[in-house]
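Taking it in order: structure first as structure tokens, then the write-up.
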Amino acid sequence: MANSKMGRGAPQFALRLPEELREKIKAAAERNGRSMNSEILERLEATFLETREDAHKQVYQLRLQDLETLKDVFERLEQLEQKVGEHD
């Protein structure tokens, strides 16, 4: 890669996205604790992996991250329900 500089000084690229796709990216980024930019880069990089097996592993890892995030959310909800139950 000729210019691999990241961050605010990295080259920028304007991209038009349908609102529905933008919302999907935003939701995935929030689930994965990333910025929308990082989420897009992560998913785009996955498309350039050398083998189909590597691509499947990458998608699997993304899904595992999503599941871990959901598990964390459910655990937090259970904790909140317990606290609310204690105050009733």
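Taken together, the values in this text are just the output of simple stated rules run on the coordinates, not laboratory data. Predicted model, so just to flag it, every value in this text is computed and none were measured. Please note: Cβ atoms are built from the backbone with ideal geometry, for glycine as well, and neighbour counts cover all protein chains shown.
Here are the numbers for this structure:
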| item | result |
| --- | --- |
| Residue order, fewest to most beta carbons within 10 Å, for Arg16, Arg43 | Arg16, Arg43 |
| Segment 19-87 - percent relative contact order, Cα under 8 Å, separation 6 or more | 26 percent |
| Per-residue ³J(HN,Hα) for segment 72-81, Karplus 6.51 cos²θ - 1.76 cosθ + 1.60, θ = phi - 60°, Hz, x for Gly and Pro | 4, 4, 5, 4, 5, 4, 4, 4, 5, 4 |
| The chain shape via C-alpha gyration tensor axes, a/c threshold 1.5 | prolate |
| Exposure proxy ranking, count of Cβ atoms within 10 Å, fewest first, for Arg8, Arg76 | Arg8, Arg76 |
